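Okay, so here's the structure we're looking at.
The values are calculated or read from the model by the stated rules, or taken from the named source; none is laboratory data. Remember, predicted model here, so these are calculated numbers, not experimental data. Every residue, glycine as well, gets a Cβ built from its backbone with ideal geometry; the counts of neighbours run over all protein chains shown.
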Amino acid sequence: MASPLTSPAVRLGLSVSAATGLYGISFGALSVASGLSLLQTCALSVLMFTGGSQFAFIGTIAGGGAGGTAALAATLLGVRNAVYGVSMNALLRPRGWRRYVAAQVTIDESTAVGSSRSDPGETRRGFWTAGVGVFVLWNAFTLVGALIGSSLGDPRAWGLDGAAVAAFLGLLWPRLRTREAGSIAVVCGLATAVATPFVPAGIPILVAAVVAVLWSLWGPGRPRGAKEERR
C-alpha cells in the first residue's frame, strides 16, 4: 500500500487543490465587485463551496437579479453534487462525523480524483486530499481576492461589472470536451439569449438551468428504456 508521501492519488489531489484553490482569488474579487461584503463573500465559499454555483450567484447579482433568483440559480447548478454524493458514499462508506465532512467536500474535483483510482485506499486518499485541499485553499484565496477587490473602488472603472460572467465561462470551458456537453452549452446559451429581452434580470440563467436538466433527462441519445422507466 502506498504511503501518503508516495501515493499517486495524494500527489494528484494536491496538484488539483493548488490549481483550483488559486482560482478563489477571482471569485473573491468579483464577488466584492458585484456588491457583496467581505463577510458575505467568505460565507459563500465556506457554506456553498462549489465554484460554478458561486459564480452563477454573483453573476446574477451583478446583473441586477434578486437574491432569491441568484440562490435558485446556484442551487440548480449545485444539484450535480448530490449525484456525486451518492456515488462517493458507495465508494468511501464514511461513518460518524466524516459523513458530514465528506458531504461538504464532495465537488467536481474530489469526485474526479477519487473516482480515477481503482484501489479503495487510493480512492479514499485521492478524495480526501482533493476535497479538503480545495476547501482550505479556495477559502483562503477567496479572502485574499475579497481584500484585493475591496481596494479596487468602482468595479465598472476596471471592467469588472461583466467579469463574473467571463470567469464563469472560464470555469465552464474545460468541461466542454464532449459533443454532448458542447451541444447542451449551445442550446442553453440560445435559450438564455432568447429569454433575456423578455424576463427580469437573473431569470435567464434559471431558464438555461431548466433546459440543461430537461436535456439530461430526455435529450437526444438517452436510452429508450431509461425514458420509459421515468414515465
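Test Y84 against the criterion of being of a type in the set (F, W, Y), modelled with pLDDT under 85 and surrounded by fewer than 22 Cβ atoms within 10 Å (Cβ to Cβ), and give yes or no.
On the way: of a type in the set (F, W, Y): yes; modelled with pLDDT under 85: yes; surrounded by fewer than 22 Cβ atoms within 10 Å (Cβ to Cβ): yes.
Yes.
Go through segment 45-74 and give me each residue that's closer than 28 Å to A102 by Cβ and of a type in the set (S, T, N, Q). Spell out the reasoning first.
Narrowing segment 45-74 to residues closer than 28 Å to A102 by Cβ: 45-58, 70-74.
Passing the criteria: S45, T50, S53, Q54.
Mind checking which residues of segment 50-70 are surrounded by fewer than 17 Cβ atoms within 10 Å (Cβ to Cβ) and assigned to a helix (DSSP H, G or I)?
Scanning segment 50-70 gives G67, G68.
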>> Going residue by residue through segment 92-100, is there one that turns out to be more than 24 Å from G21 (Cβ to Cβ) and touching a helix residue (DSSP H, G or I) at 6+ places or on another chain (Cβ under 6 Å)?
In response: no
> In this structure, does V32 turn out to be surrounded by fewer than 20 Cβ atoms within 10 Å (Cβ to Cβ) and farther than 16 Å from D108 by Cβ?
Replying inline: no
>> Quick check on segment 80-93. Is at least one of its residues more than 27 Å from V210 (Cα to Cα), basic (K, R) and either out of contact with any Cys (no Cβ under 7 Å at 6 or more places or on another chain) or not in a helix (DSSP H, G or I) (or both)?
In response: yes
>> Let me spell it out: the conditions are (1) hydroxyl-bearing (S, T, Y); (2) surrounded by fewer than 20 Cβ atoms within 10 Å (Cβ to Cβ); (3) farther than 29 Å from T192 by Cβ, and S37 meets all of them except one. Which number is the exception?
In response: (3)
>> Given the criteria surrounded by fewer than 21 Cβ atoms within 10 Å (Cβ to Cβ) and either free of Cβ contacts under 8 Å to residues at least 12 places away in the same chain or not hydroxyl-bearing (S, T, Y) (or both), does A9 qualify?
In response: no
